[in-house]
């Protein structure tokens with residue numbers, strides 16, 4: 001009697017994984033891939049946001065304050081997609097006010113966002129539609145959920161770069177204009193050697 005044939009014609013095909021689209025250097029804020037875009041924000045581009053205008057004018061306007069890298073694997077504005085990115089915010093102060101991001105609302109106030117801190121020390125400022133503002137401490141391994149209707153800005157209150165990753169809806173959009181016109185109702189400054197949130201309205 002002939003032994004049974006080793007017939008594998010009906011066996012499932014073997015699948016070889018394709019390489020990941022993105023490679024992350026998690027703690028250094030590195031991200032690489034075919035659809036990664038990068039931009040830097042200089043001090044001069046933040047004119048009008050810091051309280052101490054005299055100190056601002058005395059500083060180098062080309063100094064880099066923060067850098068953002070975004071994996072734009074879906075077009076901005078596409079409904080239902082997610083964007084992924086990282087911000088590296090440098091340490092420093094304008095007068096007694098800590099370096100910070102521009103800050104913004106989402107154009108679509110129903111779209112929330114996550115921030116995940118991996119290095120450095122910071123404060124996440126959040127402001128609601130009634131201009132009530134509060135802060136959340138950021139440090140390695142903190143995760144922050146930001147409601148869609150809250151404006152948000154980050155200040156670096158440490159001596160090293162503050163690195164945080166973000167995930168948000170591709171159709172969230174950005175409303176910088178409101179912040180340019182009205183600002184936040186609070187600032188993050190140094191008082192007696194420690195960061196403090198001060199309210200100016």
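The values are calculated or read from the model by the stated rules, or taken from the named source; none is laboratory data. Since the model is a prediction, treat every value here as computed from it, not as a measurement. For neighbour counting, all protein chains shown are included, and Cβ atoms are generated from backbone atoms with ideal geometry for every residue, glycine included.
Determine, yes or no, whether residue 88 is over 24 Å from residue 200 (Cβ atoms), in contact with a strand residue (DSSP E or B) (Cβ under 7 Å, 6 or more places away or on another chain), buried (at least 20 other Cβ atoms within 10 Å of the Cβ) and modelled with pLDDT of 95 or more.
Working: over 24 Å from residue 200 (Cβ atoms): yes; in contact with a strand residue (DSSP E or B) (Cβ under 7 Å, 6 or more places away or on another chain): yes; buried (at least 20 other Cβ atoms within 10 Å of the Cβ): yes; modelled with pLDDT of 95 or more: yes.
So residue 88 passes the test.
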Exercise. Name the single residue, out of those in segment 83-117 being part of a strand (DSSP E or B) and in contact with a helix residue (DSSP H, G or I) (Cβ under 9 Å, 6 or more places away or on another chain), that is farthest from residue 167 (Cα to Cα).
Key: 94
Practice problem: Please tell me if residue 137 is assigned to a strand (DSSP E or B) and either within 23 Å of residue 69 (Cβ to Cβ) or without any contact (Cβ under 8 Å) to a residue 40 or more places away in the chain (or both). | Solution: yes
Quiz item: Which of (1) surrounded by fewer than 16 Cβ atoms within 10 Å (Cβ to Cβ); (2) at positive phi is the odd one out, the single condition residue 183 does not satisfy?
Solution: (1)
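So which residues in segment 122-134 are in contact (Cβ under 8 Å) with a residue 40 or more places away in the chain and surrounded by fewer than 19 Cβ atoms within 10 Å (Cβ to Cβ)?
Pass one, segment 122-134, residues in contact (Cβ under 8 Å) with a residue 40 or more places away in the chain: 122-123, 125, 127, 131-134.
Within segment 122-134, 131, 132, 134 meet the criteria.
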Quiz item: Just one of the numbered conditions (1) buried (at least 18 other Cβ atoms within 10 Å of the Cβ); (2) part of a strand (DSSP E or B) is not true of residue 56; which one?
Solution: (2)
Practice problem: Please work out which one of (1) within 20 Å of residue 41 (Cα to Cα); (2) surrounded by 22 or more Cβ atoms within 10 Å (Cβ to Cβ) is the condition residue 138 fails and give its number. | Solution: (1)
Quiz item: In this structure, is residue 80 on the phi > 0 side of the Ramachandran plot and either touching a residue at least 60 places away in the same chain (Cβ under 8 Å) or in a strand (DSSP E or B) (or both)?
Solution: yes
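Condition first: assigned to a strand (DSSP E or B), more than 22 Å from residue 47 (Cβ to Cβ) and under 13 Å from the mean Cα position of the chain (by Cα). Can you find one or more residues in segment 178-194 that meet it? Steps first, please.
Within segment 178-194, the first condition is being assigned to a strand (DSSP E or B), and the residues that meet it are 186-191, 194.
From what is left, the residues that are more than 22 Å from residue 47 (Cβ to Cβ) are 191, 194.
Imposing the further condition that a residue be under 13 Å from the mean Cα position of the chain (by Cα) reduces the set to none.
No: zero hits.
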